[in-house]
Amino acid sequence: MIEYSKFTLNNGLRVIHHHDVSTPLVCMNILYDVGARDEDESKTGFAHLFEHLMFGGSVNIPSYDEPLQRVGGENNAFTTNDITNYYLTLPAANVETAFWLESDRMLSLAFSEKSLEVQRSVVIEEFKQRYLNQPYGDVWLLLKPLCYKVHPYKWNTIGKEIKHIEDATMQDVKSFFAKHYHPANAVMVLAGNIDLERVKVLSEKWFENIPEQHKAERNLPKEPQQTEARKLEVVRDVPQNAIYKAYHICNRFDEKYYCMDVVSDILSNGDSARLYNALVKEQKLFTEINAYLSGDFDEGLFVVSGKLSDDVSFETAEKAIDTELDKVKNLMLSDTELQKIKNKIESIHIFSETGVANKALNLATAELMGDANMVNTEINHYLNMTVEAINVAANLYITQNNSNTLYYKKQ
């Protein structure tokens, strides 16, 4: 159970506080309600570009990292399809430095041509290194547009293509910042050895003067229901053949999401899981195989991916995966087996609540999803789950007409 307090500043910034006296640290987590799904299709990669630009200095603070490091702090950030998240930890005695740094870049990020060029180069290099020049690096660049035809999940957070980042203008950047990086579009969490009154005082001192701005309405196109199987084959310079099968599922707020999460655990959580046992250990068709959810807020994907053993054909490998998926659709779990799965999920949930940084992120994400208290109640979706509910979800989504298959063939 994570205890917390919550208040909102006059400019719309939601602030959440979790008091933890067991640590000498404080984590400040600022989650902006903007991700790759909020980009224009002709100008992708901007949310990720901003993850970098936000460390390029603000009008009053030329270097973000230097003052933070001087007071013993460290920071990082990440971007997804749905969110952009910035977090830092530092000794509780120096917490005001965090308020100073984060408020200044929310209010007045420095838009210099030099910073844009530096971060543009960093992102382009990352695009090349991680997605184009690395074995299997372009899998999601291929799989996403295979799965999605309308919804903006059809491009990666890094962007649809390098050219979009190369062509980004200063006006493009300023417009994106003005639309998304403001108090009403953010959730700020303070977790650690700091009391609520001090959080209120410092929040009002450093953030209340940032002008209020209207939160843009999100009106994304809904992906049509898929009605026939899609397949794509590519040839690449990789050591092994690989196969990726993706199925559309519900959004993150649907009860069936949790059922499909359990399906992925049954298939692929550990060496005793069904896919590993049947296809790696017994039949030796794969050297590795996994099942997982994309975890997106909107309608996401259930994915099975595996690297084929030498001399195993794609046809044999795919048929073996389909056989195991058919088994899980007609799942006959005993109460003992289901309870074992629930126990594992509960232990993972408890572990995810260790450390102030994890608590801060979990609180921010839950609040953005509609209710900060989900950090305490979401586990009940798993603990109250039945085998019947799991079967219904699996049969609904794991169908041939809902499948997207990428055959990734070695040269």
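At a glance:
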| quantity | calculated |
| --- | --- |
| Cβ-placed point charges (K, R +1; D, E -1), dipole of the chain about Cα centre in debye, nearest 20 | 540 debye |
| Residue-averaged 222 nm ellipticity for the chain, from DSSP H runs of 4+ at -39500 (n - 2.57), nearest 500 | -11500 deg cm²/dmol |
| Shape metrics for region 5-207, restricted to C-alpha atoms - Rg then Dmax, Å | 17.9, 51 |
| Per-residue ³J(HN,Hα) for region 282-296, Karplus 6.51 cos²θ - 1.76 cosθ + 1.60, θ = phi - 60°, Hz, x for Gly and Pro | 8, 8, 6, 8, 10, 8, 7, 7, 9, 10, 6, 9, 6, x, 6 |
| By average C-beta atoms within 10 angstrom, highest first, the peptides 253-261, 351-359 | 253-261, 351-359 |
| Pairs from 231/256; 144/215; 128/281; 114/200; 114/149; 149/342 whose Cα-Cα separation, in the structure shown, is over 30 Å | 128/281; 114/200; 114/149; 149/342 |
| Folded to 0 to 90 degrees: helix 255-268 orientation relative to the chain principal axis, Cα | 60 degrees |
| Mean Cβ count within 10 Å, highest first, over the residues of peptides 375-382, 388-395 | 388-395, 375-382 |
| Karplus (6.51, -1.76, 1.60) ³J(HN,Hα), θ = phi - 60°, over region 346-359, in Hz, Gly and Pro reported as x | 5, 5, 5, 4, 5, 5, 5, 9, 8, x, 5, 5, 5, 4 |
| Between region 182-217 and region 319-395, the alpha-carbon center distance in angstrom | 32 Å |
| C-alpha long axis of helix 314-329 to longest principal axis of the chain, angle in ° | 80 degrees |
| Order of 369, 28, 1, 385 - criterion: other Cβ atoms within 10 Å of each residue's Cβ, fewest first | 1, 369, 385, 28 |
| Likely footprinting exposure, 82, 271, fewest C-beta neighbours within 10 Å first | 271, 82 |
| Label of the coordinate-derived value, Cα extents along the principal axes in Å, listed as (i) 63, 50, 37; (ii) 57, 55, 46; (iii) 78, 60, 45 | (i) |
| Fewest-first ranking of 188, 170, 54, using other Cβ atoms within 10 Å as the exposure measure | 170, 54, 188 |
| Antiparallel content of DSSP bridges confined to the chain, in %, to 5 | 80 percent |
| Radius ratio Rg over Rh of region 294-410, counting only Cα atoms, Kirkwood formula for Rh | 1.04 |
| From phi via Karplus (6.51, -1.76, 1.60), per-residue ³J(HN,Hα) for region 80-96 in Hz, x at Gly/Pro | 10, 4, 10, 9, 10, 10, 10, 8, 9, 10, 7, x, 4, 5, 10, 4, 5 |
| Lys/Arg +1, Asp/Glu -1 at C-beta; region 24-178 dipole; positive extreme among 111, 134, 98 | 134 |
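Readers should treat all values here as calculations from the given coordinates under stated rules, not as data from a laboratory. Keep in mind it's a predicted model, so treat the numbers as computed, not measured. A quick note on method: Cβ atoms are made from the backbone with ideal geometry, for glycine too, and the neighbour counts reach across all protein chains shown.
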